[in-house]
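To start, the structure under review is shown below, and the notes come after it.
The values are calculated or read from the model by the stated rules, or taken from the named source; none is laboratory data. Small disclaimer: the values here were computed from a predicted structure and weren't measured. Cβ: placed from backbone, ideal geometry, glycine included. Neighbour counts: every protein chain shown. When the accessible area is computed, the model is the full protein with side chains, heavy atoms only, and any ligands, DNA or RNA have been set aside. Shrake-Rupley method; radii C 1.70, N 1.55, O 1.52, S 1.80 Å.
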Amino acid sequence: MGVQRQFLEDAAGELKTPLAGLRTQAELALSQQRPPHHYREALEAVCDDGRRITQLLGDLLTLARADDGQVRLQSESLDLAQLVVDAVIAMLPLATAQ
């Protein structure tokens with residue numbers, strides 16, 4: 001598989017996760033009458049997923065510009081343990097959805 005094709009598949013996968021979370025939160029909130037605080041929690045989760053999607057799209061645009069030579073990227077360290085914790089927290093609503 002080509003590098004570009006692999007990148008596109010990875011990017012699509014990265015976008016599917018927050019989109020699925022966004023949709024799940026909205027569907028759960030709409031599925032039955034709930035107390036007001038449940039709607040607030042659902043809206044906060046939708047906002048968080050929306051921010052994540054916006055960040056991913058911004059990152060993709062930056063990579064496209066770097067590939068085109070418009071910007072130069074700098075490498076930085078990444079805390080993989082924190083990345084895993086963040087991923088688990090982000091997926092918790094999907095894992096516990098009824």
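For the chain, which whole-number percentage of the solvent-accessible area (1.4 Å probe, protein heavy atoms only) is attributable to carbon and sulfur atoms?
Using a 1.4 Å probe with all protein chains present, the chain comes out at 58 percent carbon and sulfur.
Accessible area per residue, 1.4 Å probe, Å², for segment 1-93: what's the number?
Counting only protein heavy atoms, the per-residue value for segment 1-93 is 81 Å².
If r is the Cβ-Cβ distance from Phe7 to Glu27 and R0 is 30 Å, what FRET efficiency results, to the nearest 0.05?
Working from the Cβ atoms, E equals 0.50.
Among Glu76, Glu14, Glu41, determine the one that fluctuates most according to a GNM of the chain built with springs between C-alpha atoms less than 10 Å apart.
Top of the fluctuation ranking is Glu76.
Please report the equivalent ellipsoid semi-axes of the chain, computed as sqrt(5 x eigenvalue) of the Cα gyration tensor, largest first, in whole Å.
Details: eigenvalues 201, 40, 35 Å².
Here the semi-axes work out to 32, 14, 13 Å.
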